[in-house]
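Trainee: There's a structure below that I have some questions on.
Read the figures in this text as sums done on the coordinates, not as results from a lab. Source: prediction; values computed, not measured. Every residue, glycine as well, gets a Cβ built from its backbone with ideal geometry; the counts of neighbours run over all protein chains shown.
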Amino acid sequence: MKVSELYIYPIKSCAGIKVDSAEIAPTGFVNDRLLMLTNLSGHFLSQRSVPKMALIQPSFVETQDFASVQKMMRLDAPGMASMTVAIKREGDAEQVIVWGDWCFGVDQGDEIAAWLSAFLGIECRLTAMLAGSRRPVDPDFAISDNDITSFSDAYPFLMISQASLDQLNSKMGTDVGMDRFRPNIVIADAEPHEEDTMGVWQIGDIAFSAVKLCARCAIPNIDQATAKPGLEPNKTLATYRRFNNKIYFGNNLIQHSSGTIRVGDTVTFKEENQ
């Protein structure tokens, strides 16, 4: 098996960036889910309630070196002039909430909030995670007391095999893209759902523990190119991937160390979690 694709999602639930390599920070890939949109009460927004978020494309404009923390980000969306924002992670902090976790964020200002609100048709704010703040993963699935994540749903990484998607598309008789499932790491040359195996995986020079299968919400049913919701692929997934009244696709990972992984890196299963 090998790494075939890597993705970073700078703004939670907005479009991702495909990269050739990615540096691992304590929270996951550097710049992954660094920011998120909130309503005026500080509660996070996602495609679940605002599908048009899929059409917002972030990019970093000062450098294409994804191995360092970026400072400037450009946002593009259909029918909107591009907007550039200098990411602020220090200064006055406010509490924001994501999946029941209260976190400290730094608001990115009125100009970008107005741009986002105009495109989405709702009042919202953009916040970045306060530098140095910590959001622990669920202790029931952590591998150490130091395991943290950013504004992701719950864990630092999501891994999916290309074979799992190929099998799904074969069952549907039509194709959906991997972007529906928003993985960080895509692996090739695996068996369908081989990534379900719980235990320690070696990806390049870094060991990861697979800790919890990813229960899917309605986001995979949203066409990421048009933001239009539908019934697939969850309708088909429910026929063979429903367990405990949930649909599962992909596996959540926690890293054992820092470092960098790259497209083409070898992927091996090492051992069961102890």
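Trainee: Be a star and scan region 221-263 for residues whose amide nitrogen sits under 11 Å from the point 7 Å along the Cα-to-Cβ vector of PHE141.
Mentor: Hits in region 221-263 for PHE141 at 11 Å: 249-254.
Trainee: OK, next. Based on the Cβ-Cβ distance from MET172 to ARG48, what FRET efficiency comes out when R0 is 22 Å, to the nearest 0.05?
Mentor: Taking R0 as 22 Å, the efficiency between MET172 and ARG48 is 0.50.
Trainee: Which semi-axes, in whole Å and largest first, does the equivalent ellipsoid of region 163-253 have when worked out from the alpha carbon gyration tensor as the square roots of 5 times its eigenvalues? Don't skip to the answer; put the middle values down first.
Mentor: Numbers: eigenvalues 108, 41, 33 Å².
Semi-axis lengths for region 163-253 are 23, 14, 13 Å.
Trainee: Please build a GNM for the chain, connecting alpha carbons under 10 Å apart, and tell me which residue among PHE243, PHE44, PHE157 fluctuates the most.
Mentor: Taking springs between Cα atoms under 10 Å, the residue moving most is PHE243.
Trainee: Computed from these coordinates, which is volume of the Cα convex hull per residue in Å³: (i) 139; (ii) 183; (iii) 126?
Mentor: Among (i) 139; (ii) 183; (iii) 126, the one calculated here is (iii).
Trainee: Tabulate in residue order the Karplus-calculated ³J(HN,Hα) for region 182-193, using 6.51 cos²θ - 1.76 cosθ + 1.60 with θ = phi - 60°, rounded to whole Hz; enter x for Gly and Pro.
Mentor: 6, x, 8, 10, 10, 10, 10, 6, 9, 7, x, 6
Trainee: Okay, next question. Let me have the 222 nm mean residue ellipticity of the chain computed from DSSP H runs of 4+ only, each contributing -39500 (n - 2.57), with the sum over all residues rounded to the nearest 500. Don't jump to the answer; show the numbers that get you there.
Mentor: Details: 3 runs with 26 residues, N = 274.
Result for the chain, helices only: -2500 deg cm²/dmol.
Trainee: May I pose another question? Order 102-112, 167-177 from most to least packed using the mean count of other Cβ atoms within 10 Å. Mind showing how you got there, number by number?
Mentor: Working: 102-112: 17.0, 167-177: 13.8.
Result, highest mean first: 102-112, 167-177.
Trainee: Within region 157-271, count lysine pairs with alpha carbon atoms under 23 angstrom apart where the residues are 8 or more positions apart or belong to different chains.
Mentor: Values: LYS171/LYS228; LYS171/LYS235; LYS171/LYS246; LYS212/LYS235; LYS212/LYS246; LYS212/LYS270; LYS228/LYS246; LYS235/LYS246.
Total qualifying Lys-Lys pairs in region 157-271 comes to 8.
Trainee: Using the Cα atoms of region 18-157 to build a convex hull, what is its mean projected area in square nanometres? Mind dumping the intermediate values first?
Mentor: Numbers: hull surface 35.0 nm².
Over all viewing directions, region 18-157 projects a mean Cα-hull area of 8.7 nm².
Trainee: Mind checking which lysines have their Cα closer than 26 Å to the Cα of LYS88? Skip sequence neighbours fewer than 8 apart in that chain.
Mentor: Here the lysines satisfying the reach criterion relative to LYS88 are LYS12, LYS18, LYS52, LYS71.
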